[in-house]
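No lab work stands behind these numbers, since they all come straight from the coordinates. Since we're looking at a predicted model, the values are computed, not measured. Virtual Cβ from ideal backbone geometry, glycine too; neighbours counted across all protein chains shown.
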Amino acid sequence: MALQKKMKLWVVNVVSFIVFVLLSVTGLINWLVLPRGVGRGSWLMEIRHLLIDVHTFLAVVFILVIGAHLWLHAAYVKANLNLSGWRNKKE
């Protein structure tokens, strides 16, 4: 494997791990820590809505990073699909 591809994989893996941790933390804080329905104008509700927006943004970023991860592993995925019979070997 070329050094440049290994570096890309390393970066994608590190970024995906960081985004996954942040995604998990924002989700858990919203679910377990912040109250639901404190009232309008409450600073806790403002934090909750901000974290929901951050969580949604991180989810989109995570999907894109996982897409890049799968794209970088395309040869591996194709080889395993061929072995399992899920993909036509002539393609």
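Below, the figures for the structure above:
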read-out	value
Tally of residues being of a type outside the set (A, V, I, L, M), under 21 Å from the mean Cα position of the chain (by Cα) and under 30 Å from residue 74 (Cα atoms) across segment 1-52	9
Pairs, first under 22 Å from residue 14 (Cβ atoms) in segment 44-68, second hydroxyl-bearing (Ser, Thr, Tyr) and part of a helix (DSSP H, G or I), C-beta under 8 Å, six or more apart	54/26; 55/26; 58/26; 62/16; 65/16; 66/16
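Residue-by-condition table, conditions (1) surrounded by 11 or more Cβ atoms within 10 Å (Cβ to Cβ); (2) not in a helix (DSSP H, G or I):
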{"residue": "16", "(1), (2)": "yes, no"}
{"residue": "22", "(1), (2)": "yes, no"}
{"residue": "31", "(1), (2)": "no, no"}
{"residue": "48", "(1), (2)": "yes, no"}
{"residue": "56", "(1), (2)": "yes, no"}
{"residue": "59", "(1), (2)": "yes, no"}
{"residue": "83", "(1), (2)": "no, no"}
{"residue": "88", "(1), (2)": "no, yes"}
